[in-house]
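Trainee: Got a structure for you, questions after.
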Amino acid sequence: MKGFILHIQPVRDEDCIVTILSPHQIGTYYRFYGARHSVIALGFLIDFEIEGEDGRFMPRLRGVSHISFDWLGNNAKWLLWHQWIQALSKHLKEVEEVDSFYYNLLLKSAQRMTKQNTKRVVVESYLELLAFEGRIYRQERCYICQTPLDTRVSLMQSFKLVHPQCIHAPSLDKKSMMRAFETHSTIYLDDSDVDYLMGVVQRGL
Ligand SMILES: [Zn+2]
């Protein structure tokens, strides 16, 4: 089975509890420490086997092999990938059965990161996720004060649109943001807009 590591919780003697997003489920497994085991880290895509699934104890992770991406040595990309994984992990907390959309979204974003700007890939993935969950902000009114929006907007968590003066935050062009909502693309946004949106992604979903 393949999956992305969403969370690692150390327990005793360097053992750990690992949460993994697979195409149809989010599983929590026990991993015994051993010198011959391959290294695991948050955000890794791994191939793995499970044993003891029907027992009284937590199923155990075994036969782990890491499926690497060629940007893995790039620290800046790795840091942004971590932030994206952490936002997603928090969002999917307590969930056990998932639509394959989430696994496929991570797989696609990891593959796109080889050639494309990482922040843009993450922001576009976030837009795709909001659209999938039916949470794209469709109102012409400010989320905070409920009066009509102007030509410049600021964003709250989940890209909810507000007046810049309502949250004292940087702003961007409303039409460009609406286009991003429609297309799930950041092509109409400049790099400083994308930096701002990445900051919103870090606050979670
Ligand atoms: Zn307002």
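Values in this text are rule-based calculations from the coordinates and carry no lab data. None of these values were measured; they are calculated from a predicted model. Note that we place each Cβ from the backbone using ideal geometry, even for glycine, and neighbour counts take in every protein chain shown.
Trainee: Defining a contact as two alpha carbons under 8 Å apart and six or more residues distant in sequence, what relative contact order in percent does the stretch 46-117 show?
Mentor: Once normalised by length, the contact order is 24 percent.
Trainee: How much length is gained if the chain between Ile50 and His82 is pulled fully straight, taking 0.36 nm per residue apart and subtracting their Cα-Cα distance, in nm to one decimal?
Mentor: 9.0 nm
Trainee: Still on this structure, I have one more. What is the Cα centroid distance between the stretch 93-118 and the stretch 176-192, reported in whole angstrom?
Mentor: About 20 Å separates the Cα centre of the stretch 93-118 from the one of the stretch 176-192.
Trainee: Another question, if that's okay. Over the chain, what relative contact order in percent results from Cα pairs under 8 Å that are six or more residues apart?
Mentor: Contact order relative to length: 16 percent.
Trainee: Between Phe181 and Arg60, take the C-beta separation as r, use R0 = 45 Å, and let me know the FRET efficiency to the nearest 0.05.
Mentor: According to the calculation, E is roughly 0.55.
Trainee: Of all beta bridges DSSP finds with both residues in the chain, what is the antiparallel percent, to the nearest 5?
Mentor: Percentage antiparallel, nearest 5: 95.
Trainee: Can you list the HN-Hα couplings for the stretch 23-30, worked out from phi with the Karplus curve (6.51, -1.76, 1.60; θ = phi - 60°), rounded to whole Hz and with x for Gly and Pro?
Mentor: x, 10, 8, 10, x, 10, 10, 8
Trainee: While we're on this one: Order by neighbour count: Thr183, Thr151, fewest other Cβ atoms within 10 Å first, most last.
Mentor: Listed from fewest to most nearby Cβ atoms, that is Thr151, Thr183.
Trainee: Additional query: Note down the net charge around Thr28, summing +1 for each Lys or Arg and -1 for each Asp or Glu among other residues with Cβ under 13 Å from its Cβ.
Mentor: Result for the local shell: 0.
Trainee: Would you work out the charge dipole size for the chain about its Cα centre, treating the Cβ of every Lys and Arg as +1 and the Cβ of every Asp and Glu as -1, and quote it to the nearest 20 debye?
Mentor: With Lys and Arg at +1 and Asp and Glu at -1, about 380 debye.
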